[in-house]
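We did not get these values from a lab; they are worked out from the coordinates using the rules stated. Owing to the predicted nature of the structure, the values given are computational and were not obtained by experimental measurement. Note that each Cβ is placed from the backbone with ideal geometry, even for glycine, and that neighbours are counted across all protein chains shown.
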Amino acid sequence: MNTTKITREEALRRWNASKETKRKMVEKLETLVRNSCLERGDLENLK
């Protein structure tokens, strides 16, 4: 592991980028589940 120190700003930038990536992945998964439920007519699992 690289032990080079990074600035607080760089750490925050990386943290926020990670959160944004995670949020996009969750949105994609929710869309896939929603579409899958609609295709199968499984309206009970839709929220």
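Numbers for the structure displayed
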item: For the range 21-32, 3J(HN,Hα) per residue [Karplus equation, 6.51 cos²θ - 1.76 cosθ + 1.60, θ = phi - 60°, Hz, x = Gly/Pro]; result: 4, 4, 5, 5, 5, 5, 4, 5, 5, 4, 5, 4
item: Fully extended contour minus Cα-Cα distance, from E9 to V33, at 0.36 nm per residue; result: 5.0 nm
item: Counted charge near T7, where neighbours are those whose Cβ lies closer than 11 Å (Asp, Glu -1; Lys, Arg +1); result: +2
item: Projected-area mean, the chain, by convex hull of Cα positions, square nanometres; result: 4.9
